[in-house]
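Just below is one structure, and these are the notes that go with it.
The values are calculated or read from the model by the stated rules, or taken from the named source; none is laboratory data. The model shown is predicted, which means the values in this text are computed figures rather than measured ones. Cβ: placed from backbone, ideal geometry, glycine included. Neighbour counts: every protein chain shown. Side chains are part of the model used for accessible areas, which takes the heavy atoms of the whole protein and leaves out ligands, DNA and RNA. Shrake-Rupley method; radii C 1.70, N 1.55, O 1.52, S 1.80 Å.
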Amino acid sequence: MKGFYRTLRDTKLPSCYKVASITRACAVVKSRKKSEKRSVKPSRPKPLRPMICIISGFFTTMKGKLFIPLRRDKYFDIQLNRHVFEILEGKKVRSLTITPDSLSFCYSEDIEPMLVRRVYGVDRNEKNITFGDRERVTQVDLAKAVKIRQTTGEIVGSFRRNDVRIRRNLARKYWKRANHRTDQILHAAVNYIVDDCSRNGAALAIEDLTGVRRMYRKGNGQGKDYRFRLNSWPHWKGKHMLEYKAVWKAVTIIPLTKSETYGSSLTCPACGERLYSPEKGDAEHVRMLWCQRCKTWTDRDVIAALNLSMRGRSRFYRSLPQSEAAEGRSQGADSASFTQVEEKGLASEAMKGNGTKTLILRVDASKLIRRRQPTS
C-alpha cells in the first residue's frame with residue numbers, strides 16, 4: 001500500500017481521485033484476506049470495472065450544473081436536468097460515483113420519527129406475505145413469483161446440450177431473468193406494506209427465520225421438487241427490503257427473537273388454546289387450523305400475523321422508557337406509547353366470547369403498480 005501511495009503521490013491528479021483509488025484497493029485486499037481466512041481459494045484476478053467515487057467537498061453544484069475537478073482550478077461541468085436538481089435540493093450529498101455508463105449521487109436525508117399507534121405482525125410465506133393486527137389483516141399474493149421460479153427450473157432442467165459450458169451460460173441467463181421478475185414482484189409487495197404502515201402509523205414486528213433452510217435438506221424424506229421450491233424461497237431478501245424501505249418512510253421495525261417467533265401458528269390469538277390441523281384429505285380447510293374452544297376455522301397465516309402483532313406490541317411497550325410510558329398513559333390509547341391499560345387489555349382478548357372479527361384483504365402483488373387501492 002505504501003508503494004501504491006507513493007506512485008499516486010507523483011501524479012498530478014486531484015487528491016479526491018487518489019483517495020478513491022486507495023479506498024478501493026484496500027477493499028479488494030480486505031476481501032482477499034477474508035477469503036484466505038475462510039480457506040476459500042480466491043478466483044483468478046479479474047480487471048475491476050472502471051469506476052471513480054468522489055467524496056463530497058471535491059465537487060460542487062451551481063446553477064443547475066455539476067462541476068467535477070480535472071486539475072487544480074480546472075473543472076468539467078455537466079448540465080443536470082430538473083428532476084435530479086429537485087431531488088438533491090435540501091439533501092446532504094455524500095459522494096458521487098462515475099462509471100462509463102452512469103453518474104450516481106449518494107445522499108442522506110433527515111427523517112422525523114413517526115408516531116406509532118399500532119403494531120403489524122408480518123408473516124412471510126412462500127406464496128404470500130401476511131401482515132396486520134386484530135382490526136385488519138392483509139395478504140399479499142406472491143404465487144406468481146413461485147410460478148416463475150418453478151417454470152425457470154423446468155426450462156433449465158430440460159437442457160440436453162452435451163456441453164456443460166453452454167448449459168451453464170444458458171442457465172445463468174434464464175435465472176438472471178427470473179430473479180429480475182421476482183424481485184419486481186417482491187418490491188411491489190414490500191412497497192405496499194410500508195406505505196400502508198406509514199399511512200396508519202404502524203410498526204412492523206418481523207419474525208426470525210434463521211435456520212429455516214435446515215428443514216429442507218437432502219435426506220429429510222422430502223421430494224427433490226419440494227426442496228428446490230422451499231430453498232429458492234427469497235425470505236431473507238424480503239426481510240432486507242422491509243428493513244431498508246421502512247427506514248425511508250420512518251416506519252419502526254421490531255425484530256422478534258427465535259423464542260418470540262416460536263409457536264406463532266400453533267396457538268389461537270383469541271383464547272390461547274392449541275390449534276389443530278385438518279384431517280388428511282380435507283380439501284376445504286387447506287392451510288386452516290381449528291380452535292376447539294372458539295369452534296372456528298382460521299387461516300394459519302392470519303393466525304401467525306395476529307400472534308406476531310401481539311408479541312411485537314408487548315416487546316415495543318417493554319422497550320419504552322418509564323417517562324414515555326407515563327406520558328402515554330396521560331395522552332390516551334392513541335398515543336405513541338402503548339399504555340398500561342392497553343397492555344392489560346390484551347388479557348381480555350383471551351376471554352371466550354370476544355366477537356371481534358378480523359377483516360382479511362387479499363392483494364395481488366404483481367398488479368400493485370397499476371392498482372393502488374386493493375379490493376377485499
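Details
- Any hit, the range 138-147, residues being surrounded by fewer than 23 Cβ atoms within 10 Å (Cβ to Cβ), within 30 Å of TYR216 (Cβ to Cβ) and over 19 Å from the mean Cα position of the chain (by Cα): yes
- From the options ALA189, ALA178, ALA171, ALA202, residue that is touching an Asp or Glu at 6+ places or on another chain (Cβ under 8 Å) and either over 24 Å from THR152 (Cα atoms) or among the aliphatic types (A, V, I, L, M) (or both): ALA202
- For the range 268-314, filtering for residues that are assigned to a strand (DSSP E or B) and in contact with a Phe, Trp or Tyr (Cβ under 9 Å, 6 or more places away or on another chain) leaves 9.
- Among (1) closer than 28 Å to TYR192 by Cβ; (2) open to solvent by 50 Å² or more (accessible area, probe 1.4 Å); (3) modelled with pLDDT under 85, the one test that LYS127 misses: (3)
- Residue match in the range 10-26 (condition: surrounded by fewer than 10 Cβ atoms within 10 Å (Cβ to Cβ) and not charged (D, E, K, R)): no
- Candidate set from the range 315-338 (those that are crowded, with 17+ Cβ neighbours inside 10 Å and out of contact with any Phe, Trp or Tyr (no Cβ under 8 Å at 6 or more places or on another chain)); member that is modelled with the highest pLDDT: ARG315
- Residue match in the range 110-120 (condition: within 30 Å of the chain's Cα centre (by Cα), of a type in the set (Lys, Arg) and open to solvent by 80 Å² or more (accessible area, probe 1.4 Å)): yes
- The range 157-192, residues that are within 20 Å of PHE131 (Cα to Cα) and either open to solvent by 50 Å² or more (accessible area, probe 1.4 Å) or free of Cβ contacts under 8 Å to residues at least 40 places away in the same chain (or both): GLN184, HIS187, ASN191
- Sole exception among (1) without any contact (Cβ under 8 Å) to a residue 12 or more places away in the chain; (2) open to solvent by 80 Å² or more (accessible area, probe 1.4 Å) for PHE67, by number: (2)
- When ASP225 is tested against (1) open to solvent by 50 Å² or more (accessible area, probe 1.4 Å); (2) under 30 Å from SER309 (Cβ atoms); (3) out of contact with any strand residue (DSSP E or B) (no Cβ under 8 Å at 6 or more places or on another chain), just one condition goes unmet, and that condition is (2).
- Unique match (being at pLDDT 85 or above and either surrounded by 11 or more Cβ atoms within 10 Å (Cβ to Cβ) or among the basic types (Lys, Arg) (or both)) among TYR75, TYR107: TYR107
- Residue in the range 198-210 that is least open to solvent (accessible area, probe 1.4 Å), counting only those that are outside any strand (DSSP E or B) and either among the aliphatic types (A, V, I, L, M) or within 25 Å of SER259 (Cα to Cα) (or both): GLU207
- Hey, VAL119 hydrophobic (A, V, I, L, M, F, W, C), in contact (Cβ under 8 Å) with a residue 60 or more places away in the chain, within 26 Å of ALA202 (Cβ to Cβ) and not in a loop (DSSP other than H, G, I, E, B) or not: yes
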